[in-house]
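Before any comments, here is the structure.
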Amino acid sequence: MAEHLPLDLPEDPKLAGNITHFARALRKAGLPIGPGRVVDAIAAVEAAGFTSRRDFYWTLHACFVNRPEHRTVFAQVFRLYWRDPRYLEHMMAALTPMVRGVQEDRAPQAAEKRAAEALLHGADAPAPNQPEPGEDEETAIEIDASLTMSKEEKFKNLDFEQMSTAEMEAAKRMLARIELPVDPIRSRRTMAAVRGRVDPARTLRAAMRRGGEMRDIAWKAQRPRWPNLIVLCDISGSMSQYSRLILHFLHAVSNAKGAGWAKVHAFTFGTRLTNITRHLQQRDVDAALKAAGAEAQDWEGGTRIGRCIEDFNRDWSRRVTGQGAVVLLITDGLDRDDPEALGRQMQRLHLSTRRLIWLNPLLRFDGFAPKAQGITAMLPHVDSFRAGHSIASLEALADVISRREDVGEKDRLLKALGARI
Amino acid sequence: MSDTSNIDAVQKMLADQGYVCGRALGTVVFLALRLGRPLFLEGEAGVGKTEIAKALAAGLNRRLIRLQCYEGLDAASAVYEWNFPAQMVAIRTAEAAGGTKRADLQAELFSDEYLVERPLLQAMRPDENGAPVLLIDEVDRTDEPFEAFLLEALSDFQVTIPELGSIKAPEPPIVVLTSNRTREVHDALKRRCLYHWVDYPDFDREMEILHARAPEASDALSREVVAFVQQLRTEDLFKKPGVAETIDWAKCLLALDMINLSPEAIADTLGAILKYQDDIQKLQGSEAKRILDQAKASLEPA
C-alpha cells in the first residue's frame, strides 16, 4: 500500500488541474479512464474534503479504479505523483542515461516500474536553468502520446528480436491489449433465450401459473460453450527474445475475462515440460512472469521438442485437451533429437486436439524453407503454420484462430518440401 | 436518521450495526451516499459484501430491497408483472355483472391494483423512511442484456411500463451492487458506479469483526482462530476462507466448548472453514499442526 507522506500541494483551482494530470498519468499506465471519471473524481474530492492523505487516496481510488488488478498500479502512480513535486525532479534526473545503471540494480517492485514509466514517459530531465521548484507554479507533468498512426504500423511489423529496450516496453503495452477472440462451440444443453426453439416445459409452467392460460411461448437455444486454449511455448536459447514477449501476450490472453476461452493452459518447454498455468493467473504481469520463470528451470537452454511433447501427451493431454481444445505450439522447430520420434509425437498431439496451430518466428524470413529435420517432421501434423515474430503477426493470428479452414503457410511449405524431395 | 456528514460518522454508523469497516470502505460508502452514485463491490465470497447493504439499511433506518441475480433473470421478475389471474377474474366478474363500459374496465385492469411490483420497481417507489437501499446481489450471474437494462435503470432511476408510462423515483435509492467476479461486468456499468474491491481484513480488523459478531468467544480463542485463519490465507488453497467462515468456525468451536485450538479440534471442525475436499485433504495430519504452530508463533510477540 502507498506510504502516506505529508502533502504539500497548491490551492484548489490547481488541485482540479492536478487531478486531471494524475488521471492522464493513470491512463498512460493502462487504466481506462475517461473524462467523465475525472469530473466525478473532482466532485468526489470536493465532497470528501481534502484533509487527510489517506481519505484522499481512497476517494480517488473509488473513482479511478474499477478492476482489482489496477489497484497496485494505482497505488504506485499515486505514490509517485502526489508527493513533494521536487521529488519528482529527482526521479526524472534518476532516469537519465547516466544514472540508469544504478537504477537498474535495484529490482523494482511489481508494477512500480510500469507506474514510473507511465509518469515519466516523454518528460525530459529538467534543464539546468529552470527556476527553483519553490517558484515553479505549474507542477503538472506533460505526457505525450507519441505514437502516431504510421509509426505504429511500422512498429507493429518490427521483429521482436530487433527491438530496443524501450521498444520492447511499448510492445509489451501493445500486446496486453491484443485480444484472441474465439467462436463458441454449440453444446447440446439448452438455455432460455429470446428466440430459437420452443421450450414446451417452460411454456406450460408459465401457463400453469396463469390458471392454464397460455400467453407467451418460451424459447430455448443451445447453450454456447467456449473451448480451452492450450499453449506450448518454447523457451530455449534460440527462442529467448520471442518467448518472453509471447508470455506477456499469454498473460493478457489468460487474464482477459469474458473474452472467450474457457480456460487457458500454458506450458513452457526447453529440455523439460513445465506447467505455468497457475502463475499466469496472477493479475500483475511482472509478478506472474517472475513466478513462471522461477518454476521453469530450463530458460535459454537446449531444446528437446520430441521428448517434451511426449511428456505432454502422456501426462497432460488427457486432462486438458478434451472438449474441443485448441493448441497453440510456439517453437522454431530446431530440434536435435530423432525426427521420427518427434513426428510420431506430433501426430499423436494432432489427433487429440481439435486444432493445432504452429507459430514459428523463423517464418519471418521470406526465403524460409523447411530444411531443418525437426521442421520437416512436424509440418505435416499441424493444421496451420503461421509466423509469430511481431505484433502484426500476432494480430493476424487473432483474426484467424477461430477459422477452421485457415492453414497459414503450411501448404506453400509442404509444396516446397515435396519439390525438394 | 443517522449522521452521514463525514467519513468518521459513516464508519461509526456501520460499526453501530456490527459492521466493522476500514477507512477505505468507509470513504467509498460515504461518497456513494453523498454523490448519490451506486456502489459496486467486488471481492472473494464471504468478505462481507452483502452485509454492508444490510448494515446500511439498518443504520439509516431504510427499507432493504434485495434483487438476487441469476442466469435468465428477466424484466418480469426484476421490474414488474401484471397480475394476470386477478385481471381474468375481474374480466369475468365484469362480464357476469354486465353494463361496465369498456374504457372503464381497461383503466381498471391496468392500474396499480393489478401490478405486481418486483424489486427494481419497489425501489423507485417513495418510502416514508426515505429512499430504500437496493441491493443487487451477484450481478455477475445475470446475462449481458440484463446488465444493459440495469444500466438504463441505474442512470436515470426510472422504469417505463407501457400501460402506465414512466415511473421515476422521487428520491434515488441507495444502490449497492455486488459481484463475485465469475465474469467481468461491462465497463459501462462499472463506470457509473463507485468501485471498491473488498479484501480480506488484516489481523486487527478481523479481531474486531469477530468481537462484534461472536462476542461470547473468549479473547484467547478469538486470537488463535483469527491467527490460524490469517495464516491459512497465505497457503496455496483452492478457496481461501472468508470472514464469514471465520465467524462460523468460532461459533462451531464455542458450541463444542473448546477453549483453545489443538490439531484435533481443527481436524474435527475443518469443514467450517474449508469447503473443498482438495483443501481439506491438504490440511490433514501434520500440515494443520504446522500452520497452527506458525499462527501461535505469530501471536507470541503481541
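The values are calculated or read from the model by the stated rules, or taken from the named source; none is laboratory data. Remember, it's a predicted structure, so these values are computed and weren't measured experimentally. Ideal geometry is used to build each Cβ from the backbone, glycine not excepted, and the neighbour counts take in all protein chains shown.
The helices (runs of 4 or more DSSP H) located wholly in the stretch B:6-81 that include 3 or more residues which are closer than 27 Å to B:Gln158 by Cβ and within 14 Å of chain A (Cβ to nearest Cβ) occupy B:23-35, B:75-78.
Only one of the listed residues (B:Pro162, B:Pro201, B:Pro170) is under 18 Å from the mean Cα position of the chain (by Cα) and away from chain A (no Cβ under 12 Å). That residue is B:Pro201. Taken together, the residues in the stretch B:77-114 that are of a type in the set (A, V, I, L, M) and either within 27 Å of B:Ile52 (Cβ to Cβ) or assigned by TED's automatic domain parsing to the domain that holds B:Ile161 (or both) amount to 2.
Of all the numbered requirements in (1) over 28 Å from A:Ala325 (Cβ atoms); (2) away from chain B (no Cβ under 14 Å), A:Leu250 misses one, and that requirement is (1). Listed by first and then second residue, the pairs linking a residue in the stretch B:272-291 that is modelled with pLDDT under 85 to a residue that is hydroxyl-bearing (Ser, Thr, Tyr) and crowded, with 16+ Cβ neighbours inside 10 Å, with Cβ atoms under 8 Å apart and 6 or more places separating them unless they lie on different chains, form an empty list. Among the residues of the stretch A:388-421, those that are in a helix (DSSP H, G or I), under 16 Å from A:Pro181 (Cβ atoms) and of a type outside the set (Asp, Glu) comprise A:Leu394, A:Ala396, A:Leu397, A:Ala398, A:Val400.
When the residues of the stretch B:218-242 are filtered to those that are surrounded by fewer than 19 Cβ atoms within 10 Å (Cβ to Cβ) and not in a helix (DSSP H, G or I), the one that is farthest from the other protein chains (Cβ to nearest Cβ) is B:Ser218.
Checked against the criterion of being under 23 Å from the mean Cα position of the chain (by Cα) and either within 24 Å of A:Ser240 (Cβ to Cβ) or polar (S, T, N, Q) (or both), the candidates A:Leu342, A:Leu329 yield just one match: A:Leu329. Between A:Leu417, A:Leu379, the distinction of being within 20 Å of A:Asp335 (Cα to Cα) and at pLDDT below 80 belongs to A:Leu417 only.
Filtered by the rule that a residue be exposed (fewer than 12 other Cβ atoms within 10 Å of the Cβ), more than 9 Å from chain B (Cβ to nearest Cβ) and over 45 Å from the mean Cα position of the chain (by Cα), the stretch A:193-214 gives A:Arg205, A:Met208, A:Gly212, A:Met214. Among residues of the stretch A:253-281 being touching a helix residue (DSSP H, G or I) at 6+ places or on another chain (Cβ under 6 Å) and among the small types (Gly, Ala, Ser), the one that is modelled with the lowest pLDDT is A:Ser254. B:Asp202 meets each of the listed conditions (1) of a type in the set (Asp, Glu); (2) closer than 28 Å to B:Gly26 by Cα; (3) modelled with pLDDT under 85 apart from (3). Quick check on the stretch A:37-82: of everything there that is of a type in the set (Gly, Ala, Ser) and at the interface with chain B (Cβ under 7 Å from one of its Cβ atoms), which residue is nearest to the chain's Cα centre (by Cα)? Only one residue fits best here, namely A:Ala62. When A:His265, A:His279 are screened for being in a strand (DSSP E or B) and under 16 Å from the mean Cα position of the chain (by Cα), only A:His265 passes. If you check B:Asn180 against the conditions, is it assigned by TED's automatic domain parsing to the domain that holds B:Leu67 and closer than 30 Å to B:Leu253 by Cβ? Against the criterion (assigned by TED's automatic domain parsing to the domain that holds B:Leu67 and closer than 30 Å to B:Leu253 by Cβ), B:Asn180 qualifies.
Counted as qualifying within the stretch B:101-185 are the strands (runs of 3 or more DSSP E) with 2 or more residues that are in contact (Cβ under 8 Å) with a residue 40 or more places away in the chain and under 15 Å from B:Ile65 (Cβ atoms), namely B:133-137, B:174-179.
Being out of contact with any Lys or Arg (no Cβ under 8 Å at 6 or more places or on another chain) and either polar (S, T, N, Q) or more than 12 Å from chain A (Cβ to nearest Cβ) (or both) is a property that B:Ala188 lacks.
Please work out which residue is nearest to the other protein chains (Cβ to nearest Cβ), limiting yourself to the stretch B:208-217 and to residues that are assigned to a helix (DSSP H, G or I) and surrounded by fewer than 19 Cβ atoms within 10 Å (Cβ to Cβ). Spell out how you get there, then give the answer.
Start the filter on the stretch B:208-217 by keeping residues that are assigned to a helix (DSSP H, G or I), which leaves B:208-213.
When the remaining residues are screened for being surrounded by fewer than 19 Cβ atoms within 10 Å (Cβ to Cβ), the result is B:208, B:211-212.
Numbers: B:Glu208: 18, B:His211: 24, B:Ala212: 22 Å.
Only one residue fits best here, namely B:Glu208.
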